[in-house]
Every structure is written in structure tokens, then in C-alpha cells.
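Heads up: the structure comes next, in C-alpha cells.
Every number here is computed from the coordinates shown, using simple stated rules; none is lab data. Keep in mind the model is a prediction, meaning the values are calculated, not measured. Note that each Cβ is placed from the backbone with ideal geometry, even for glycine, and that neighbours are counted across all protein chains shown.
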Amino acid sequence: MKKIGTLVAGLLLAGGLWYINVVPGLWDIQHAGEDVDAANAERRAFHREARMATFAVDQVPPGAILFFGSSTIERMPLPFLFQGVPAINRGVGEEEAELLRARLASATSEEIWPTVSGVVLYAGSLDRTRLGASPEAVAQRVEGVVDDLVALAPQAEVLVLGLLPQRDTTRGESEDLDELNNAVARLCLARGGVGFLNLNRAPLRDPLGQLAMAYSSDRFHLNADGYQVLADWVRREGGELALLLFPEPPK
């Protein structure tokens, strides 16, 4: 049954990749003449369903560290960055905080949640860039996700990643991003057991306050070097979670 489930999830994911335009121009041909916003919403929904189908058969081992977020998490090369540990990717590209919050409990089984050792969260980016929510509103949505995670896994070490800028972030947007990240840092501090890691700094951010070209693959996302910087920061500044992701080698 597990093999059948894995096959079904694989077919759904493959179909999703085909459907969301892995073949250049395919999406445009399929949806020529349609409303662009509606077509994009359909594409995002299909991708989300495909990812969740994969999660349903991708077993989470006891003691796992779960990574939640949008495309910055989905694209994160966890096996390369955190070798030899059960780091499990539960990222879904282009997902707002409320959609993420709605699927948290289904990330693994009720039996496994009490064994989860750590959680890494990157949330609110799409609320800011696509929905245009204010820093205060985004911080409140992230707070809701954090509270639900703590309720699901009170034993887990939780690390919230601050949001990154874009390659074309303006001065005003940079100020809003600083305000947002500061607000999220404060809410993490207020909870006592939730860590916060600021990503909006050099070298990932350039002197103009934008996502650095040398560490990004496109307007929004880190490249391999950028992810390595992020992982190094987690190692040095991730507190108790860093000990889970970078355990001492056996002596």
C-alpha cells in the first residue's frame, strides 16, 4: 500500500510540474485568453494539492525537524545543508500565512507530533509581496502560525526566520521589512522558547537594502551560496535548534 501511495503522490507531483509550466510556454498555451489572476490562482492551488499529496505519504520519523514556509523553504536543499539529520521539508511555494496555518496539523500524524524535536518557520513573505499586507498585519499572521506550532509541538525547539528582501526592494519597502522583522523578533522573544534569526542583512542584503545578486537565483529566491550563508547563520546563531541540525560528530 505504501508503494502505491508513493506512486500516486509521484504522479500527482509530476502532473503538477507539467501543469505549472515546467515545459516553457505550456501554461500560456493551456490558459490562453483566461484571466491571468484566476489562472495563477488555479496554478498555485494545483501545486499546493500536489505537495500535500506528497506529504501524505512521505513519512516523518520520530525526532524530526520540520521546515515550514513558502518557496524559500520548498527550494531549500535540506539534505545538503543539514546532513545526517531528519530534516523534513514541508514547504509549499507561493503560500500565504493563513494557508500555511490551515495545513500545519496535517504535516504529520498525531502520534508523531509529540516527538518532533524542532521546527523552522519562514512565513509571511507572500502576505507582504503579493497581498500587500501591512507589517503589523503580517506579524499578526505569523504570530498565529507560531502559536499553532507551539500548541502542536510544545516540546520542540522553534526557530523563526526573518523575511528576505527582493532584488528590487525600494527604500520604503526596506523600511517596512525592517519594521516587520523587528515585530516578529519581539513576538518570538515574548514567548520565551521561540528563536528568531534575522536574514535581512549582509551578505544576503546588499547596501541598497535589496536581495544581493551574488546570493540569489531570481527576484525572490536564494541560490546555493545564499542557502549556505543561511545554514551557517543557523549553525552559529540558531541556539538549541542548531544543536539538532548540526550534532557533534561521534568521538
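Brief remarks follow.
- Candidates ARG219, ARG130, ARG205, ranked by Gaussian network fluctuation over the chain, Cα under 10 Å, top entry: ARG130
- The GluC sites (Glu not before Pro) of segment 67-111 that meet both conditions, a loop assignment by DSSP and at most 13 other Cβ atoms within 10 Å of the site Cβ, are GLU110, GLU111.
- Counting 0.36 nm for each residue step from SER109 to PHE46 and taking away their Cα separation leaves a gain of 20.4 nm.
- Using θ = phi - 60° and Karplus 6.51 cos²θ - 1.76 cosθ + 1.60, couplings along segment 157-173 (whole Hz; Gly, Pro as x): 7, 10, 10, 9, 8, x, 7, 8, x, 10, 5, 10, 4, 7, 4, x, 5
- Counted residue by residue at 0.36 nm each, then reduced by the alpha carbon distance between them, the extension gain from ASN223 to LEU189 reaches 9.3 nm.
- For the pair ALA214 and THR170, the difference between a 0.36 nm per residue extended length and the Cα-Cα distance amounts to 14.0 nm.
- For ARG167, the shell of other residues with beta-carbons less than 10 Å away shows a net charge of -2, using +1 for Lys and Arg and -1 for Asp and Glu.
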